[in-house]
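Enquirer: Structure below; questions to follow.
Here, each number is a calculation from the coordinates, and none is a lab measurement. Keep in mind it's a predicted model, so treat the numbers as computed, not measured. Backbone-built Cβ (ideal geometry, glycine too); neighbour counts: all protein chains shown.
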Amino acid sequence: MTIERQTFERHAFISYAHIDNEPLTPEQNGWVTRFHSTLATMLSQRIGQKANIWRDDKLAGNDVFSDEIVEQFTHTALLIPVLTPRYLKSEWCTREIREFVAAAEKSGGLRVDNKCRVFKVIKTPVDSEAGLPAIIGQVLGYEFYDLDEDQTPRDLDPLFGDESRQAFLRKLNKLAWDIAQLWERMNVPTGPAVGGVLPQASSGDAMSSTDAGAGEIAPAGADRPPVFLAEVSRDRRAAREMIEAALKMHGYRVLPDRPLPLDEESLVAAVNACLAECALSIHLIGSGYGMVPDGPGNRSIVVLQNDLATAHSRKRGLDRLIWLAAGTTGEQSLQQSFISALQTDSALQIGADLLTGNIESVKAAVHAALARIELALARRHALPQFSGARMVYLLCEERDRREIVPLIRHLRSCGVEVSTPVFTGDAAAVREANQQRLASCDAVIMYYGAGDEAWKFHQQNEVRKISGVRASNRPPPLYVYLADPPCADKELLQSLQEPGLIDGLAGFAPALLAPLIDSLPTADPAP
């Protein structure tokens, strides 16, 4: 296939409505003018050359479409529409988006490395984007507004004070960084001339504006698993943007990478699809309850994402980080109930580390989790592969080492190799040795004897989390062996009789292990 290369004379075009750049006071510049000037400076610093960002000054004071703009779109790499209620009512503005999308399809496609060449700026909340091309609704936007206590929208504008100025600059900094990252991925040279180039696929491979999945190029860092960064309530937006920027800076793809649906059924499907790709999910919990999607559950998107991630942790060992800063209280009773449950309900903490420090401690925890995941992936690739080794890891508390002897003898008599935990030595070496046992076994028997409920919960969590190290990418089958002394939790497990339960409270009998032994592979190890 022949690859053509498209030259760009301009980095970006800002599309906006005239009324949105009218100054609040006669002696000031309009908002779009300040936005344009600051973005150009920040982007120039990011890419190491003068950024060529242009816009129509609309000196006539009205929105009248100019065909001269369309002619420039084929020479412009990126579009930055400034969405407002007026923008969506303007035939000129909405046509600018449609014309850019059409031009982009002829100049390399609308997506590069799974990123869209449209950077959507939302200056003022809009009810719908129905009049725009479908791809625009799939692009995550940059919200340049905040909500006051009474939910009144307020533009991020330096004229509104220092706090608003800092938020304005912080948001622009993120936008400039994301633009620079895409610009670099487009193989743009960093010399004095813009002369940007973008690989252009043949017509059979070009991605249409309504097909968000076709023709995508594997992004940088594709060997790393994506990270699920949960959507948040408004009071955690700034923190989420900081974590997202840090992840992208280190080459991680962040999901979700497009707006989530507004109805519960579709949202659940979209979140599950994202979580299935990820090895880590991050949840930043604030005071706000968050948006509630349309559906029967009446749960906020924040709660839904945590519930779904918990299910993935339980099923395949997904690692999770939950940030609930010390002293956080819910603004609504539903949010306070959720916060309380996170702190007290072990079922909601499955696979998760609950963080209570500041945002810097969250960054450190994310870094540590990703380092652990990458190391696990490297080890998984390095593990010797077996075609059917019969290996059981007999997990127990140190006080139970004498009680597990009958189990070990019977398993070995049946041709099953047995490994047991390492209890003494350097803490890091002990953990490493026990993780290797989990990584290479065919099944785990958790001997629930001297250990208490907290011990059982921790061990179950460790088994789930080991999936990233195993060649199958799934946790090993877990069998819970009930042994003396009896307790209320063991009695509950007896009554539930869930799969994988081995009831040895009445004493050991070889028949108890028969279902486990029958389930093990029978082939000999590969030579």
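Enquirer: Which order do H312, H283 fall in if you start with the one that has the fewest other Cβ atoms within 10 Å? All intermediate terms of the calculation are to be shown ahead of the outcome.
Expert: Values: H312 22, H283 25.
Ordered from fewest to most neighbouring Cβ atoms within 10 Å, H312, H283 come out as H312, H283.
Enquirer: Follow-up. How do L492, L132 rank when sorted from fewest to most other Cβ atoms within 10 Å of their own Cβ?
Expert: Ordered by Cβ neighbours within 10 Å, fewest first: L492, L132.
Enquirer: If you don't mind, another one. Among H367, H11, which comes first, second and so on when ranked by fewest other beta-carbon atoms within 10 Å?
Expert: Fewest-to-most ranking of H367, H11: H367, H11.
Enquirer: Using 0.36 nm per residue, how much length does the chain from D353 to R412 gain when fully extended, once their Cα-Cα distance is taken away?
Expert: This chain segment gains 17.5 nm when fully extended.
Enquirer: State the extension gain, in nm to one decimal, for the chain segment bounded by A270 and V430, taking 0.36 nm per residue of separation less the distance between their alpha-carbons.
Expert: 53.7 nm is the gain from fully extending A270 to V430.
Enquirer: Using R₀ = 45 Å, calculate the FRET efficiency as 1/(1 + (r/R₀)^6) where r is the Cβ-Cβ separation of E27 and A364; round to 0.05.
Expert: Between E27 and A364 the formula returns 0.45.
Enquirer: Right, next: What lysines does K456 reach when the alpha-carbon gap must be under 28 Å and sequence neighbours fewer than 8 apart in one chain are set aside?
Expert: Qualifying lysines at Cα under 28 Å: K315, K465, K490.
Enquirer: Still on this structure, I have one more. Going by amide H atoms built from the backbone, whose H comes under 5 Å of the H on Y145, apart from near neighbours?
Expert: L156
Enquirer: Here's something else I'd like to know. Identify all lysines with a Cα-Cα distance to K174 below 25 Å; exclude those on the same chain that are fewer than 8 residues away in sequence.
Expert: K50, K115, K120, K123, K248, K363
Enquirer: Can you give me the long-range amide H partners of D353? Hydrogens built in the peptide plane at 1.01 Å from N, cutoff under 5 Å, separation of 5 or more residues or another chain.
Expert: Result for D353 returns R320, L321, I322.
Enquirer: Ok, one more. How high is the relative contact order of the range 384-519, in percent, with contacts defined as C-alpha pairs under 8 Å that are six or more residues apart? Show your work: numbers first, answer last.
Expert: Details: 175 pairs, mean separation 33.1, N = 136.
Over the range 384-519, the number comes to 24 percent.
Enquirer: Right, next: Given +1 on the Cβ of Lys and Arg, -1 on the Cβ of Asp and Glu, and no further charges, what dipole in debye does the range 221-382 carry about its Cα centre, rounded to the nearest 20?
Expert: So the dipole magnitude of the range 221-382 works out to roughly 540 debye.
Enquirer: At what distance in nm do the modelled label points of Q166 and L496 sit from each other, each positioned 7 Å from its Cα along Cα→Cβ?
Expert: Each label point is offset 7 Å from its Cα along the Cβ direction, giving 4.7 nm.
Enquirer: While we're looking at this one, here's another question. Amide H neighbours of L284 under 5 Å, counting only residues 5+ apart in sequence or on other chains, H built in-plane at 1.01 Å?
Expert: A230, W323
Enquirer: Continuing with this model, one more query. What list of ³J(HN,Hα) values in whole Hz, one per residue of the range 264-272 in order, does the Karplus curve 6.51 cos²θ - 1.76 cosθ + 1.60 (θ = phi - 60°) give from phi, with Gly and Pro shown as x?
Expert: 4, 4, 5, 5, 4, 5, 5, 5, 4
Enquirer: Hey, another quick one. Taking the simple approach of a point 7 Å from Cα along Cα-to-Cβ for both S37 and K50, what is their distance in nm?
Expert: If labels sit at S37 and K50, their model points lie 1.7 nm apart.
Enquirer: Right, here's the next one. Return a whole-number percent for the relative contact order of the range 221-382, with Cα pairs under 8 Å and 6 or more residues apart as the contact set.
Expert: Computed value for the range 221-382: 22 percent relative contact order.
Enquirer: Still on this structure, I have one more. Given 0.36 nm per residue, what is the gain on full extension from S333 to A130 after removing their alpha carbon distance, in nm?
Expert: Working: separation 203, 0.36 × 203 = 73.08 nm, distance 3.42 nm.
That pair, S333 and A130, stretches by 69.7 nm at full extension.
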